[in-house]
Amino acid sequence: MEIIPAIDIKNGKCVRLYQGNYSQETIYSSEPATVARRWESQGARRIHVVDLDGAAQGKPRNTETLKLILQAVKIPLQLGGGIRDRETVKDFLEMGIDRVVLGTAAVEEPDLVRELCSSYGDRIVIGIDARDGLVASHGWEKGTSINAGELAQRMTVLGARRIVYTDISRDGTLTSPNFQAIADLMSRVKVNIIASGGVATISHLETLARMGVEGAIVGKALYTGDVDLHRAIETVAKENKNAA
């Protein structure tokens, strides 16, 4: 299992939200590129970047900050937030982004998802963000009546090979991941799952590794120091080895 540090960008700064609430933000750094270098130096092999302004406004808003991160690190970046059309996907992939995450587009533009998955394969990631099992879109601000598992099944039919699943009620809370929801999702689709939301301890990461998820995104716990990235990577590497 891969441990993936999260860098959420709002107004050019590295922040964390509480349960996706834009009015409850904590600013951790005014230089996201410096944060990215820190995670790379501690052993991260990938970074998950979210343009929060883009997610809320429907169009990427922190591209210049993103370029600075790309220049600062050599490891691949996975990017989400406001990516809702083919041209934006193409531009980011050509810029050097390794994977793009489609959330709102997955809900509203299934034909686009099919086309992009056909064109770019596993460089396209589906972001499924849910509250109480129901999908939310538009930067988590718009609820739907769509079940997360049902959306995942639809996306795999369209060619999706990887899903980032976020339990919004756990995100930024330092409680625990929603292990049951993750297990339910894994029972419904046979694609790679990256879990996000609620990781607060290394033991949470060990549990996710035993469940068989491909990756775990860690945000607030890294910034508060509850999880030491280097130690977490070493611990999960042992778990992966034992599982093998």
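Could I have the simple spin-label model distance between Asp226 and Asn11, label points 7 Å from Cα toward Cβ, reported in nm to one decimal?
Result for the modelled spin labels: 2.5 nm.
Which pairs break 26 Å Cα to Cα here: Lys59/Lys90; Lys10/Lys220; Lys74/Lys142; Lys13/Lys142; Lys67/Lys90; Lys10/Lys90?
The pairs that break the limit, which is 26 Å between Cα atoms, are Lys74/Lys142.
Got a sec? What order do Tyr223, Tyr120 fall in by accessible area at 1.4 Å, biggest, i.e. largest, first?
Tyr120, Tyr223
Which listed residue (Val199, Gly103, Gly212) has the Cα farthest towards the positive end of the charge dipole for the chain, taking +1 on Lys and Arg C-beta and -1 on Asp and Glu C-beta about the Cα centre?
My answer, from the dipole projection, is Gly212.
Just to verify a number: what accessible area does Trp140 come out at with the full protein assembly present, 1.4 Å probe, Å² rounded to tens?
We get 50 Å² for Trp140.
Can you tell me, using C-alpha contacts under 8 Å and at least 6 residues apart, the relative contact order of region 1-137 as a whole percent? Please list the in-between numbers first.
Working: 237 pairs, mean separation 24.7, N = 137.
Reported relative contact order: 18 percent.
If you bin the C-alpha pair distances of region 119-188 every 5 Å from 0, what whole percents do you get?
Percent of Cα pairs in each bin: 3, 16, 28, 25, 19, 8, 2, 0.
Quick check: at a probe of 1.4 Å, how many percent of the accessible area of the chain sits on carbon and sulfur atoms? Write out the running numbers ahead of the final one.
Working: 4570 of 10540 Å².
Ligands and nucleic acids excluded, carbon and sulfur give 43 percent.
Evaluate the relative contact order of region 1-60 (contact order divided by residue number), counting alpha-carbon pairs under 8 angstrom at least 6 apart; express in whole percent.
On the way: 82 pairs, mean separation 25.2, N = 60.
In percent, rounded to a whole number, it is 42.
Given Cα pairs under 8 Å that are at least 6 residues apart, what percent is the relative contact order of the chain?
Here the relative contact order equals 19 percent.
Take every DSSP beta bridge with both residues inside the chain and express the antiparallel ones as a percent of the total, to the nearest 5. Before the final figure, lay out the partial values.
Values: 13 of 44 bridges.
So the antiparallel bridges in the chain amount to around 30 percent.
Where does the chain land on Rg/Rh, using Cα atoms and the Kirkwood Rh?
On the way: Rg = 16.3 Å, Rh = 17.6 Å.
Radius of gyration relative to Kirkwood radius: 0.93.
Once you have the Kirkwood Rh of region 124-244 from its Cα pairs, apply Stokes-Einstein at 10 °C and 1.306 mPa s and quote D in µm²/s.
Diffusion coefficient, whole number: 108 µm²/s.
Nearest-5 percent of antiparallel DSSP beta bridges in region 110-229? Display every interim value, and only then the final one.
Details: 5 of 18 bridges.
Of all bridge pairs located within region 110-229, approximately 30 percent are antiparallel.
Could you give the longest part of the chain that holds none of the trypsin sites (Lys or Arg not before Pro) found in DSSP loops with at most 10 neighbouring Cβ atoms within 10 Å?
75-189
What whole-number value in Å² describes the accessible area per residue of region 91-157 for a 1.4 Å probe?
Accessible area per residue: 44 Å².
How big is the Rg/Rh ratio for region 10-66, C-alpha atoms only, Rh by Kirkwood, two decimals?
Result for region 10-66 is an Rg/Rh of 0.97.
Tell me, what is the 1.4 Å probe accessible area of Ile146, in Å² to the nearest 10?
30
What is the local net charge at Ser137, summed over the other residues whose Cβ is closer than 13 Å to its Cβ (Lys, Arg +1; Asp, Glu -1)?
Residues close to Ser137 contribute a combined charge of -1.
List the GluC sites (Glu not before Pro) in region 131-230 that DSSP assigns to loop (not H, G, I, E or B) and whose Cβ has at most 13 other Cβ atoms within 10 Å. Which are they?
Glu141
Contour minus end-to-end for Ile27 and Arg210, with contour as 0.36 nm per residue of separation and end-to-end as the Cα-Cα distance? Spell out each step's value before the answer.
On the way: separation 183, 0.36 × 183 = 65.88 nm, distance 3.28 nm.
Additional length available on full extension: 62.6 nm.
The values are calculated or read from the model by the stated rules, or taken from the named source; none is laboratory data. This is a predicted model, so every value here is computed, not measured. In this analysis, Cβ positions are derived from the backbone assuming ideal geometry, glycine residues included, and neighbour counts consider all displayed protein chains. The protein model used for the area step is the full one, side chains on, heavy atoms only, and it has no ligands, DNA or RNA in it. Shrake-Rupley method; radii C 1.70, N 1.55, O 1.52, S 1.80 Å.
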